[in-house]
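Student: This structure is in structure tokens; I'll ask about it shortly.
The values are calculated or read from the model by the stated rules, or taken from the named source; none is laboratory data. The shown structure was predicted, so the numbers you read here are calculated from the model rather than taken from an experiment. Every residue, glycine as well, gets a Cβ built from its backbone with ideal geometry; the counts of neighbours run over all protein chains shown. Areas reflect the complete protein model, heavy atoms only, side chains present, ligands, DNA and RNA absent. Shrake-Rupley method; radii C 1.70, N 1.55, O 1.52, S 1.80 Å.
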Amino acid sequence: MSISLKIEFGGGLELLFSNERSHRISLPTIQPDGRPTNITDLIFWLRDNKLKERPELFVEDKTVRPGILVLVNDTDWELEGEGDYEVKDGDEIVFISTLHGG
Amino acid sequence: MSDSCGNPATETEALMPRRRKFDKTKICVKCKTNPGSLIIRHAVYCKECFVPLTTHKFRRSLEPFVNAKPDGPRRTALKPQGNLLVGFSGGLGSTVLLDLVHRYYVVPDKALIQDDGGSHHPRHERVWKRVVVGYVEVCDAFPSMVERMSDVRAIMEGYGGFEFVPLRIQDAFDPCWWKKIGRDPVNLGVDMTDEALKLLRLEESTSPLEAMRSYMASLPTTTARSTALQTLTRVLLQYTAQANDCSHLVLGTSLTSLAVSLISGVAHGGGFHVREEMQEEWTADQSSDREVDVAKKATKRHGLRIIRPLRDVGMKECGAWSWWMGLKVVGRENWEWPGFKPGIGALTKAFIVGLEKDYPSTVSTIVRTCGKLSPKGIVEGKCISCERPIQSGIQDWQARISIRSRHNGDEQAPFEEVAESLSPFLCYPCRITLTSRSTRPILNPFPNSNHDVSLTPLPMWTGRVLHPPKTSGSEEGDAEIVVGRTLARSEMKNAVKEFLLQDE
């Protein structure tokens with residue numbers, strides 16, 4: 001069984017993902033080790049399947065690089081448990097880079 | 001080698017307990033009703049409360065400084081003395097700044113402006129008659145950076161109501177641009193092979209692009225190049241503001257960026273400019289007892305106030321604002337040159353951004369603490385490179401901390417000398433920018449350019465405050481000119497050889 005997610009990139013981060021701001025993807029509901037898919041799994045999936053260049057600008061130490069704001073359904077992921085948040089069908093996850101200066 | 005402190009009672013694998021990302025509950029701390037959408041330094045805010053919070057921080061940092069006299073206890077109507085220049089880099093902070101300026105001072109956004117009344121309220125009349133946006137394209141300082149001018153222009157057209165002034169980084173070396181803003185150009189260069197930084201008059205044979213690239217290639221370290229680029233950009237904007245009769249220049253430096261610039265500034269010798277890094281008042285005419293060439297369009301009735309209205313707004317808040325307001329961020333590439341090793345600025349940024357992720361309050365503490373600093377020392381003029389105060393006594397201090405010799409200036413310069421040394425006219429960080437040496441060789445990013453380090457062009461504004469020495473017979477012509485330089489190893493040995501013990 002799979003879940004459909006809407007992924008958006010902002011703040012210049014879209015440049016790493018073929019310059020496409022919006023993506024629709026499908027992920028399995030359960031990971032091979034039996035646990036529900038969470039945002040950390042999503043991050044690694046994006047790195048391995050959608051990222052075109054410079055993975056170190058997106059992922060660092062098993063999470064997103066510092067300076068990337070993540071919103072889950074318009075809410076700060078820090079309020080939803082960060083990488084441990086279990087994604088649901090129809091969720092909208094936004095990755096916004098805040099690193100491109102002032 | 002053991003890293004242990006030797007205390008047998010501690011757990012060897014103990015980790016510092018991670019602080020919760022937010023205090024108390026997930027409900028907004030302001031309205032105490034809505035579920036929170038964003039955590040800002042451990043406090044939870046809903047989207048509805050985040051917007052007025054951000055606009056309040058923006059206005060609090062800007063509006064008290066709009067009038068010539070900063071507001072006292074009784075708030076008066078906003079009446080600036082001139083126009084407003086918004087410095088736009090394409091980055092996140094300046095994108096948010098542009099949006100806030102447009103919503104408040106160009107086409108007031110009724111949805112945004114709370115009904116808090118007052119005669120100073122911007123809805124009553126436009127605060128600034130002209131709002132100019134200055135953008136400095138820096139791609140030509142890099143071998144392979146994409147130009148963003150067309151994207152920036154599209155954003156300006158999307159807004160409407162702004163006057164757009166596009167600039168290129170090489171305008172700093174362009175006599176035509178200098179004439180266009182009402183000043184007389186003098187082409188100066190510096191001998192970067194000599195630590196004394198002999199100042200020379202150049203012939204006008206290089207293009208501004210070549211002159212800029214020659215200047216960047218001559219700089220000794222990555223830190224120096226990044227610092228120089230920031231200085232060129234800022235001073236270009238300052239002179240553009242003055243040429244457009246602006247009384248205020250606003251920059252999109254966020255709280256996070258400000259912490260980075262403060263720490264990295266101190267790290268490369270700019271501690272004396274901590275206050276200027278946060279906010280400064282600038283006038284183009286340097287006070288001097290020499291004659292200065294006054295701008296043809298003299299606008300001495302007011303100076304320029306340089307303000308960073310997003311200084312209390314962190315990068316995360318800027319990111320949330322840009323997303324929720326649907327702003328397009330052009331983006332700003334990292335400043336990297338071939339064979340790039342991170343400079344002080346890049347290393348500081350990595351540190352501060354990492355710190356903000358785990359300890360967000362620390363970043364605001366950095367800025368608040370720096371705001372309390374009051375550097376010691378007397379101001380001795382204005383630096384001709386960065387237009388910031390020169391701390392008195394730095395030449396003497398540098399002479400005391402390094403071995404130097406003196407020479408009497410008998411050597412004939414190949415070109416007309418304007419001054420024996422640029423050093424007395426530079427502040428400490430600018431002097432370090434030009435003279436520091438790296439242990440690692442730094443590549444020339446433009447190997448095909450015709451580049452002579454002994455004749456490095458200088459920005460146009462360095463020429464306006466220096467005057468060539470008068471012809472022979474002048475009152476200055478017979479004065480002894482003393483220039484310091486670092487001794488070679490053999491010279492140092494010769495100076496002390498009579499005191500050395502012989503090897504037996």
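Student: Check every one of the strands (runs of 3 or more DSSP E) wholly within segment B:152-222 and list those with 2 or more residues that are surrounded by fewer than 16 Cβ atoms within 10 Å (Cβ to Cβ).
Tutor: B:163-168
Table: residues versus (1) open to solvent by 10 Å² or more (accessible area, probe 1.4 Å); (2) away from chain A (no Cβ under 14 Å).
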| position | (1), (2) |
| --- | --- |
| B:Pro52 | yes, yes |
| B:Lys57 | yes, yes |
| B:Arg60 | yes, yes |
| B:Pro64 | yes, yes |
| B:Ala68 | yes, yes |
| B:Val86 | no, no |
| B:Ser89 | yes, no |
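Student: Scan segment B:237-247 for residues that are surrounded by 23 or more Cβ atoms within 10 Å (Cβ to Cβ) and among the aliphatic types (A, V, I, L, M) and report the count.
Tutor: Within segment B:237-247, residues that are surrounded by 23 or more Cβ atoms within 10 Å (Cβ to Cβ) and among the aliphatic types (A, V, I, L, M) number 2.
Student: Considering segment B:310-333 alone, what residues qualify as being facing chain A (nearest Cβ under 7 Å) and either assigned to a helix (DSSP H, G or I) or on the phi > 0 side of the Ramachandran plot (or both)?
Tutor: Hits for segment B:310-333 are B:Met315, B:Lys316, B:Cys318, B:Gly319, B:Ala320, B:Ser322, B:Trp323, B:Gly331.
Student: To continue, here is another question. Restricting to segment B:265-278, what's the tally of residues that are among the acidic types (Asp, Glu) and either within 14 Å of chain A (Cβ to nearest Cβ) or open to solvent by less than 30 Å² (accessible area, probe 1.4 Å) (or both)?
Tutor: Residues of segment B:265-278 that are among the acidic types (Asp, Glu), as a first pass: B:276-277.
Those still in the list that are either within 14 Å of chain A (Cβ to nearest Cβ) or open to solvent by less than 30 Å² (accessible area, probe 1.4 Å) (or both) too: B:277.
Residues flagged as among the acidic types (Asp, Glu) and either within 14 Å of chain A (Cβ to nearest Cβ) or open to solvent by less than 30 Å² (accessible area, probe 1.4 Å) (or both) within segment B:265-278 amount to 1.
Student: Taking segment B:250-264 only, how many residues are within 14 Å of another protein chain (Cβ to nearest Cβ) and either over 13 Å from the mean Cα position of the chain (by Cα) or part of a helix (DSSP H, G or I) (or both)?
Tutor: The total comes to 10.
Student: Conditions first: (1) aliphatic (A, V, I, L, M); (2) more than 13 Å from chain A (Cβ to nearest Cβ); (3) farther than 30 Å from B:Gln242 by Cβ. B:Ile352 passes all but one, so which condition is the exception?
Tutor: It fails just one condition, (2).
Student: Looking at this structure, is B:Val44 within 14 Å of chain A (Cβ to nearest Cβ) and either open to solvent by 70 Å² or more (accessible area, probe 1.4 Å) or assigned to a loop (DSSP other than H, G, I, E, B) (or both)?
Tutor: In short, no.
Student: Specify the residue that is nearest to B:Ala350 (Cα to Cα); the eligible residues are those in segment B:248-262 that are touching a strand residue (DSSP E or B) at 6+ places or on another chain (Cβ under 9 Å) and open to solvent by less than 10 Å² (accessible area, probe 1.4 Å).
Tutor: Of everything passing the filter in segment B:248-262, B:Gly252 is nearest to B:Ala350 (Cα to Cα).
Student: Something else: Residue under question is B:Lys24, and the condition is that it be at positive phi, within 14 Å of chain A (Cβ to nearest Cβ) and either open to solvent by 100 Å² or more (accessible area, probe 1.4 Å) or at pLDDT 95 or above (or both); does it hold?
Tutor: Judged against the criteria, B:Lys24 is a match.
Student: Looking at this structure, is B:Gly381 in contact (Cβ under 8 Å) with a residue 24 or more places away in the chain, outside any loop (DSSP other than H, G, I, E, B) and at positive phi? Walk me through it before giving the result.
Tutor: Numbers: in contact (Cβ under 8 Å) with a residue 24 or more places away in the chain: yes; outside any loop (DSSP other than H, G, I, E, B): yes; at positive phi: yes.
Here the answer is yes, as B:Gly381 does meet what is asked.
Student: Residue check: is A:Leu16 more than 10 Å from chain B (Cβ to nearest Cβ) and open to solvent by less than 40 Å² (accessible area, probe 1.4 Å)?
Tutor: Working: more than 10 Å from chain B (Cβ to nearest Cβ): yes; open to solvent by less than 40 Å² (accessible area, probe 1.4 Å): yes.
Criteria met by A:Leu16.
Student: Taking the stated definitions as given, is B:Leu229 within 23 Å of the chain's Cα centre (by Cα) and assigned to a loop (DSSP other than H, G, I, E, B)?
Tutor: For B:Leu229, the condition - within 23 Å of the chain's Cα centre (by Cα) and assigned to a loop (DSSP other than H, G, I, E, B) - is not met.
Student: Another question, if that's okay. Kindly indicate whether A:Asp41 is of a type in the set (D, E, K, R), closer than 30 Å to B:Cys46 by Cβ and open to solvent by less than 20 Å² (accessible area, probe 1.4 Å). Talk me through it step by step, then tell me what you get.
Tutor: Numbers: of a type in the set (D, E, K, R): yes; closer than 30 Å to B:Cys46 by Cβ: yes; open to solvent by less than 20 Å² (accessible area, probe 1.4 Å): no.
It is false that A:Asp41 is of a type in the set (D, E, K, R), closer than 30 Å to B:Cys46 by Cβ and open to solvent by less than 20 Å² (accessible area, probe 1.4 Å).
Student: Hey, can you tell me all the residues within segment A:72-98 that are at the interface with another protein chain (Cβ under 7 Å from one of its Cβ atoms), hydrophobic (A, V, I, L, M, F, W, C) and under 17 Å from B:Leu92 (Cα atoms)?
Tutor: A:Val94, A:Ile96
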